[in-house]
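See structure below.
The values are calculated or read from the model by the stated rules, or taken from the named source; none is laboratory data. All values reported here derive from a predicted model rather than from experimental measurement. Cβ atoms come from the backbone with ideal geometry, glycine included; neighbour counts cover every protein chain shown. For accessibility, only protein heavy atoms count, side chains too; no ligands or nucleic acids. Shrake-Rupley method; radii C 1.70, N 1.55, O 1.52, S 1.80 Å.
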Amino acid sequence: MAHELDASRLDRSRPLREQIYDLVRQLILTGKIAPGDVLDEKSIAASLNVSRTPVREAVKKLSDEHLVDVVAQSGTRATHIDRAEVEQAFLIRRALEMESAAQAAQRMTEAHADALNDLLLQHARAIERRRFAEAIATDDRFHRYIADISNLDRLWRAIDISKAQLDRCRHVMLPRQGQGEATLEQHRNIIRALNSHDAERARRAMADHLEAAFSSTMRAHEAGEIKSR
């Protein structure tokens, strides 16, 4: 983890708490900090050449999102992936993203379609090259762009927070045969629905996509690929 927490990655002109939060959160989501791993605030502060105060503030925010457990006298650890929390995250994400798609369908332009298709091509290239972490990041940009079409930046932030436990599962499951190709086809369906300017069709296309991904996650869980406490 130490090489990921490089002090040169921090912009000293911006609030440190948010940057440290983003860095550590990404390490948890991608599994570089595994479930149950200890987070040593003193070590993180030393690696980033900062005081412990912004690190403590970042850890508090991660605790509020149930990504770390802070236990008195026992230290701080990354939480284990909890099935009930994954299920709740899916329900929240589906509701928010269905509305995001519905709003975007009413504002869709040719330029928006071109941008989404460009992201689709980038996603396909990442899968072809077996760059699966890059594929996940591009997938996220696709979904975020749909929220951006309607200038719903606060909605995307709520989605991003709510899907954290799902993201942890996505990285655990990499690579999974056929999953990337299925996602690409579902994204094509979403673009077609958005281009129709039909809000209900866009809602359904998004729901179908997220439900398929969740079903795959649950199958992986039942097969023991995703360990829950």
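Results for (1) open to solvent by 40 Å² or more (accessible area, probe 1.4 Å); (2) over 19 Å from the mean Cα position of the chain (by Cα); (3) at pLDDT 95 or above, shown as yes or no for each residue.
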site	(1), (2), (3)
191	no, yes, yes
201	yes, yes, yes
209	no, no, yes
218	no, no, no
*Please verify whether the range 62-69 includes one or more residues that are without any contact (Cβ under 8 Å) to a residue 60 or more places away in the chain, open to solvent by 50 Å² or more (accessible area, probe 1.4 Å) and touching a strand residue (DSSP E or B) at 6+ places or on another chain (Cβ under 9 Å).*
yes
_Residues that are in contact (Cβ under 8 Å) with a residue 24 or more places away in the chain, of a type in the set (D, E, K, R), open to solvent by 50 Å² or more (accessible area, probe 1.4 Å) and part of a helix (DSSP H, G or I), drawn from the range 90-112_ = 94, 99
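Is it the case that residue 147 is out of contact with any Cys (no Cβ under 9 Å at 6 or more places or on another chain), farther than 16 Å from residue 101 by Cα, small (Gly, Ala, Ser) and part of a helix (DSSP H, G or I)?
Taking the combined requirement at face value, the residue does not satisfy it.
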*residue 227 versus (1) charged (D, E, K, R); (2) open to solvent by 40 Å² or more (accessible area, probe 1.4 Å); (3) within 17 Å of the chain's Cα centre (by Cα): which is the lone unmet condition?*
(3)
*Number of the condition not met by residue 76 [criteria: (1) closer than 20 Å to residue 211 by Cα; (2) among the polar types (S, T, N, Q); (3) open to solvent by less than 30 Å² (accessible area, probe 1.4 Å); (4) over 20 Å from the mean Cα position of the chain (by Cα)]*: (1)
*Looking only at the range 180-226, which residues are assigned to a helix (DSSP H, G or I), more than 17 Å from residue 91 (Cβ to Cβ) and free of Cβ contacts under 8 Å to residues at least 40 places away in the same chain?*
182, 185, 186, 189, 192, 219, 222
*So which residues in the range 116-143 are assigned to a loop (DSSP other than H, G, I, E, B) and in contact (Cβ under 8 Å) with a residue 24 or more places away in the chain?*
130
*Please enumerate the residues belonging to the range 140-154 that are within 16 Å of residue 188 (Cα to Cα) and open to solvent by less than 20 Å² (accessible area, probe 1.4 Å).*
142, 143, 146
*How about the range 1-75: which helices (runs of 4 or more DSSP H) wholly inside it have at least 2 residues that are on the phi < 0 side of the Ramachandran plot and among the β-branched types (Val, Ile, Thr)?*
16-29, 52-64
*Starting from the range 30-43, take each residue that is open to solvent by 60 Å² or more (accessible area, probe 1.4 Å) and list its partners that are at pLDDT below 90, counting only C-beta distances under 6 angstrom and pairs at least six apart or across chains.*
38/75
*Applying the selection to the range 2-29, what residues are over 19 Å from residue 160 (Cα atoms) and either surrounded by 15 or more Cβ atoms within 10 Å (Cβ to Cβ) or of a type in the set (Lys, Arg) (or both)?*
5, 9, 10, 12, 14, 16
